[in-house]
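*Asks:* Pasting a structure below so you can have a look.
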Amino acid sequence: MLKQLANRLVSAVPVLFGVLLLGFLLMQLIPGDVARVIAGPTATQDVVDAIRRDLGLDRSLPVQFAAYLGRVLQGDLGVSMINNVPVASELAGALWPTAELVIACLVWAVPAGIGLGALAAMNRGGWIDRAIIALSVIGLSTPVFFFALVLMIYLGYYWQLFPFLGRAGPIWTLEGLNGIVLPALTLGLSFIGPVARMTRTASLEVMSADHVRTARAKGLRERTVMLKHVLRNALIPVVTLVGLQAGFLLGGAVVTETIFSWPGVGRMAVGAILARDMPLAQGAILALAIAFIAINLLVDLAYAVLDPRVNRA
Amino acid sequence: MIDLALPAGTAPIRRKRAGMLSRLLRDRVAVAALIVLGLIVIAAILAPWIAPHDPYLTTRRRLLPPVWEARGTWTYLLGTDSLGRCMLSRLLYGARSTLLIGVLATAAGGAIGVLAGLTAAFYRRFDGLLMRLNDVLLSMPAILLGLALAAVIGAGMTAIVVALSVATIPTVARVTRASALVVMGQDYMEAGRSIGLPDHTLIWRYLALNCISPVMVYLTLRFAQTILIGAVLSFLGLGAQPPAAELGMMASSGRNELFIAPHVATIPSLAIVVIVLCANVLGDALRDLLDPRLRKL
């Protein structure tokens, strides 16, 4: 178990390195000569050169990259070019709203998807099964923003049930809870299809296994068989799926945040890229990539809990 | 009577293919998807000739609703957008860009992926390195790649086509490699090698042709996903730039009038759903016919 986790950590290193390289590249793209800007228009060439030496800008790119790595490790991500606030503090404020959104989505969409998938598997070939398959394919084929727009039009505007712009407060307050409903519904709707599909396939596979037949033969109720003998085993591939789809989920979060003006990392990344605010873009992309790697590690941990066989391997 | 039956393994390939096609045609849902997708592709290709208006021409008849609503007119079947441009014409041109993004990215990423997969399977000494590189690519979600590329080279069609191509490479390489490794174990590969065929003949005539069918199925499914992600990136403003027409971007620009003229945003969104749905249904049907093992991907 520990060994496997260590393996995963090691294999995350090249990815992290690539992302950091990208972040460094983005910082190089900042237009203009930084040293000259700091020195001011009247400074002599000597002064500019001195500042350049001070900042380490006269060194080779690999040395500068090493310096950049050092700064990132110390939490120094530069200063936003637009509002002059340190990127790290901007990010710190945006991380929690994104986490809130992703958690609120998973909390309802994963159980709902598992429920639908199990229901479909229990009624294999029947109209319930076919309806659930059809719905999940439609869900898979719908861009996240379409869910958002439709929910905004109906639940937000016509029926005025929930607010749909911005975040009113943390999730444990009533306003905060009310405000997260539409974004969480949007993100969840795009996630329910894959989960239901995977649960159905996995359940069908487990249902034909010997131990399920034995459970039925000893007269267990269908519900018990399904919950204790089928679903527990079927959950393993579903958990893998949640891990594999982490990128999809974060991508969905980027869109959802942008549409609902949710002050998270995704909206920050898009805003920074469109405004060409390189330090902020670099910080936000780094944060998203690290979140992606972290989710995958968490999924590996979840395996060990669900599947004792992983421990032995 | 002499029995001329061939050994089971060498059943004529052509017969198998024909059976496949007729089985696909028996799947009514798949046929419907094929027809709808075909019509959309034709309409998109013919956009300059069949569009009722100039998609970029702004008029003063702004935000007209579609013909089936009370104020709708027959001149603008799907209404107009906030600049008074014909929605139907923009939809046709938009479908053109959206499909083009999907085709370009799937083709480019698919080609590189197939090349990498074949190389890894044929020249085993490159296998470890290629697959390790592949894993790194695989751990970069497409949307993140799109964001990063848009940040580096600026928002635009190039950024998203490149991002989507790169995102296509790793899984295609995996599917190709897996399929190619099975072919590498066949006797005819050994036979080809022993009569001294050059590598390129072995790779293209022997290996590639025999391992390509699961790859094609996968690419159909990937095409659907690519279009979906492309539309999302365009929606975020990272892809096609105004005044160009692209479905995701059109949906995004309709956000300002969402509550007074919802059709500006919902019609292009629905078009995306239809295109992606058809491609998904078609891909699923092909996969079930050709290679049910791909289900796991």
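The values are calculated or read from the model by the stated rules, or taken from the named source; none is laboratory data. From a predicted model like this one, the values you see are computed outputs, not experimental measurements. Virtual Cβ from ideal backbone geometry, glycine too; neighbours counted across all protein chains shown. Only protein heavy atoms, including side chains, enter the accessible area calculation; ligands, DNA and RNA are left aside. Shrake-Rupley method; radii C 1.70, N 1.55, O 1.52, S 1.80 Å.
*Asks:* Does at least one position in segment A:197-214 carry a residue that is in contact with a helix residue (DSSP H, G or I) (Cβ under 9 Å, 6 or more places away or on another chain) and closer than 17 Å to residue B:269 by Cβ?
*Replies:* No: zero hits.
*Asks:* Let me ask something else about it. Name the pairs whose Cβ atoms lie under 7 Å apart, with the first residue in segment A:11-28 and over 15 Å from residue A:292 (Cβ atoms), the second part of a helix (DSSP H, G or I) and hydroxyl-bearing (Ser, Thr, Tyr), and 6 or more positions between them or separate chains?
*Replies:* A:24/A:68; A:27/A:68
*Asks:* Among the candidates B:205, B:174, B:193, B:125, which residue alone is part of a helix (DSSP H, G or I), within 14 Å of chain A (Cβ to nearest Cβ) and open to solvent by 60 Å² or more (accessible area, probe 1.4 Å)?
*Replies:* B:174
*Asks:* If residue B:237 passes every condition in (1) under 20 Å from the mean Cα position of the chain (by Cα); (2) in contact (Cβ under 8 Å) with a residue 60 or more places away in the chain but one, which one does it miss?
*Replies:* With (1) under 20 Å from the mean Cα position of the chain (by Cα); (2) in contact (Cβ under 8 Å) with a residue 60 or more places away in the chain applied to residue B:237, the lone miss is (1).
*Asks:* Show the residue pairs meeting these rules: Cβ distance below 8 Å; 6+ apart or different chains; first residue within segment A:220-244 and open to solvent by less than 40 Å² (accessible area, probe 1.4 Å); second residue not in a helix (DSSP H, G or I).
*Replies:* Here the result reads A:236/A:307, each pair linking segment A:220-244 to a residue that is not in a helix (DSSP H, G or I).
*Asks:* Answer yes or no: is there a residue in segment A:21-38 that is under 30 Å from residue A:184 (Cα atoms) and surrounded by 13 or more Cβ atoms within 10 Å (Cβ to Cβ).
*Replies:* Looking through segment A:21-38, at least one residue is under 30 Å from residue A:184 (Cα atoms) and surrounded by 13 or more Cβ atoms within 10 Å (Cβ to Cβ).
*Asks:* Where residues in segment A:264-300 are β-branched (Val, Ile, Thr) and open to solvent by less than 20 Å² (accessible area, probe 1.4 Å), which of them is farthest from the other protein chains (Cβ to nearest Cβ)?
*Replies:* Checked segment A:264-300; the qualifying residue farthest from the other protein chains (Cβ to nearest Cβ) is A:299.
*Asks:* So which of B:210, B:256 is surrounded by fewer than 20 Cβ atoms within 10 Å (Cβ to Cβ), farther than 27 Å from residue B:64 by Cα and over 21 Å from the mean Cα position of the chain (by Cα)?
*Replies:* None of the other options fit; the residue is B:210.
*Asks:* While we're here: So which helices (runs of 4 or more DSSP H) are wholly in segment A:61-165 and hold at least 3 residues that are surrounded by fewer than 18 Cβ atoms within 10 Å (Cβ to Cβ) and within 14 Å of chain B (Cβ to nearest Cβ)?
*Replies:* Because the criterion is at least 3 residues that are surrounded by fewer than 18 Cβ atoms within 10 Å (Cβ to Cβ) and within 14 Å of chain B (Cβ to nearest Cβ), the helices (runs of 4 or more DSSP H) in segment A:61-165 that meet it are A:127-140.
*Asks:* May I pose another question? Determine which single condition residue B:289 fails, assuming it passes every other condition in (1) open to solvent by less than 30 Å² (accessible area, probe 1.4 Å); (2) more than 7 Å from chain A (Cβ to nearest Cβ); (3) over 17 Å from the mean Cα position of the chain (by Cα).
*Replies:* Failed condition: (1).
*Asks:* I've got another one for you. Of everything in segment A:221-247, what is part of a helix (DSSP H, G or I) and closer than 17 Å to residue A:190 by Cβ? Give them in sequence order.
*Replies:* A:238, A:241, A:242, A:243, A:244, A:246, A:247
*Asks:* Then there's this: Out of curiosity, is residue A:168 part of a helix (DSSP H, G or I) and on the phi < 0 side of the Ramachandran plot?
*Replies:* no
*Asks:* To continue, here is another question. Hey, can you tell me all the residues within segment B:179-190 that are free of Cβ contacts under 8 Å to residues at least 24 places away in the same chain and assigned to a helix (DSSP H, G or I)?
*Replies:* Listed by number, the residues that qualify are B:187, B:188, B:189, B:190.
*Asks:* Shifting gears a bit: Just to be sure I understand, how many residues within segment B:217-252 are more than 12 Å from chain A (Cβ to nearest Cβ) and surrounded by fewer than 20 Cβ atoms within 10 Å (Cβ to Cβ)?
*Replies:* Summing the residues that are more than 12 Å from chain A (Cβ to nearest Cβ) and surrounded by fewer than 20 Cβ atoms within 10 Å (Cβ to Cβ) in segment B:217-252 gives 4.
*Asks:* So which residues in segment B:128-164 are open to solvent by 20 Å² or more (accessible area, probe 1.4 Å), in contact (Cβ under 8 Å) with a residue 60 or more places away in the chain and away from every other protein chain (no Cβ under 11 Å)?
*Replies:* Of everything in segment B:128-164, those that are open to solvent by 20 Å² or more (accessible area, probe 1.4 Å), in contact (Cβ under 8 Å) with a residue 60 or more places away in the chain and away from every other protein chain (no Cβ under 11 Å) turn out to be B:157, B:161.
*Asks:* Give the residue, chosen from B:39, B:57, B:21, B:34, that is open to solvent by 40 Å² or more (accessible area, probe 1.4 Å) and either of a type in the set (D, E, K, R) or at pLDDT below 80 (or both).
*Replies:* B:21
*Asks:* Can I ask one more? Inspect segment B:93-116 for any residue being among the polar types (S, T, N, Q), out of contact with any His (no Cβ under 7 Å at 6 or more places or on another chain), modelled with pLDDT of 90 or more and open to solvent by 40 Å² or more (accessible area, probe 1.4 Å) and give the result as yes or no.
*Replies:* No, segment B:93-116 contains no residue that is among the polar types (S, T, N, Q), out of contact with any His (no Cβ under 7 Å at 6 or more places or on another chain), modelled with pLDDT of 90 or more and open to solvent by 40 Å² or more (accessible area, probe 1.4 Å).
*Asks:* Looking for whichever is surrounded by 22 or more Cβ atoms within 10 Å (Cβ to Cβ) and of a type in the set (Gly, Ala, Ser) here; the options are A:196, A:217. Which one fits?
*Replies:* Going through A:196, A:217 in turn, just one is surrounded by 22 or more Cβ atoms within 10 Å (Cβ to Cβ) and of a type in the set (Gly, Ala, Ser): A:196.
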